[in-house]
Amino acid sequence: MSASNPPKKISLAYQYGGNYRSGWLAYLPESWLPYVQLARLSPPVGLFLIYFPHLFGLLLAAIIQRSPPIQVVKSSGVLFAGSFFLSNAIHIWNDLIDAPLDAQVQRTCNRPIPRGAITKTAAFLFTLSQAVGASLLLFALPGEVLHNALYSVPGIIGWTYYPYAKRHTYWTQTVLGFCLSWGIVMGSLSLGLVPYVLETGFVNTSVLSLFVGSTLWTMIYDSVYAFQDLEDDVKANIGSMAVLFKYRIKPVFWLILSLMSTALILIGQINNFNFPFYVVSVGGATISLAVMVANINLKDSLSCWWWFSTGFWYAGGAIAGGLLFEYVQRAIG
């Protein structure tokens, strides 16, 4: 067995770990590999899981405010850059805090910190540098920097706490859903749409509905991800919805999926969206997730990884696609 070509049956142990390198990673200096693995840059699933909610919020704000296309494109670029640094920071932070637990799980024991490829001090400095990079993007958003920074605080608190959640609760995926969906708040803010006002108690119901729908979506796909490590997580007392419900979770998935679809429908009703939104966003996301829930083999780690790493593109792409279609339709209508 060569390090560059691991057999399929143990390939899950090389997720962001070990010395396995393929694609563009093969061209990087070996000393860079641990940093790329810490940041989850190959495959870049983590980056787009961060970016999708930001994009959802941006597109919703663009529709509501009829924002000019050039402003939408500019803001989407700023959000992507911010998502890049944020994704790096939170994944490194997560691995830093989780290192003792990762060492007990077969799939994650080869990650950079548990295998000794990078020190905790170096990892901390790396995550700090990425957090600074993400913070600097606040200057590129409209409005006062302090105002934007205050809106980012709940997300920062959530991301800081997230690695500890699995030690305190089985509902880790709900915590993650909150953290990821906070990108919707920042996405709407990137076009000047105020999602809520603490002083008056105002909450934009469209943003709230999208936030809830995104959180429910996260609860499904991240639970699928967690099933890869079910046996090891039970032994290590790591909390997750997978550990809580085990193989009885599919009815829970169906319930969450129905609630997610309802939240998306509500967005359309509030804003008088056109029929294509219901077909693309509501129908596309619902059907893609339904196919996943119906067909996934939760007892097969490879099946869980495939549906997670591939399936999220369909649901996330459908939600974004329907919102984009609505924006374009109104812009040219």
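Each reported figure results from applying straightforward, stated rules to the coordinates on display, with no laboratory input. A quick note: this is a predicted structure, and the numbers were derived from the prediction, not measured. Note: ideal-geometry Cβ built from the backbone for every residue, glycine included; neighbour counts use all protein chains shown.
The separation of the range 100-149 from the range 271-333, counted between C-alpha centres, amounts to 29 Å. The ranking of 105, 194, 185, 279 from fewest to most other beta carbons within 10 Å of each one's beta carbon is 279, 194, 105, 185. Taking every C-alpha pair closer than 8 Å and separated by at least 6 residues, the mean separation divided by the residue count of the range 31-332 gives a relative contact order of 21 percent. For the range 215-302, applying the loop criterion from DSSP together with a ceiling of 14 other beta carbons within 10 Å to the trypsin sites (Lys or Arg not before Pro) yields 299. Around the amide H of residue 196, modelled in the peptide plane, lie the amide H atoms of 204, all under 5 Å away and 5 or more residues distant in sequence or on another chain. Among the lysines of the chain, pairs that are 8 or more positions apart or on different chains and have alpha carbons within less than 23 Å of each other number 14. Computed from the alpha carbon atoms alone, the convex hull of the range 224-284 holds 88 Å³ per residue.
Between 316, 281, 253, the Cα set farthest toward the positive side of the dipole of the range 31-332 (charges on each charged residue's Cβ, about the Cα centre) is that of 253. Under the convention that each Lys and Arg Cβ holds +1 and each Asp and Glu Cβ holds -1, the size of the dipole of the chain around its Cα centre is about 480 debye. Which one, 78, 169, 244, is farthest towards the positive end of the dipole of the chain when Lys and Arg carry +1 and Asp and Glu -1 on their Cβ? It is 244. The long axis of helix 120-136 is offset from the longest Cα principal axis of the chain by roughly 10 degrees.
Can you give the angle from 0 to 90° between the axis of helix 69-102 and the longest principal axis of the chain, with both taken from C-alpha atoms, to the nearest 10? Around 30 degrees separate the two axes. Taking each DSSP H run with n ≥ 4 as -39500 (n - 2.57) and averaging over every residue of the chain yields -22500 deg cm²/dmol at 222 nm.
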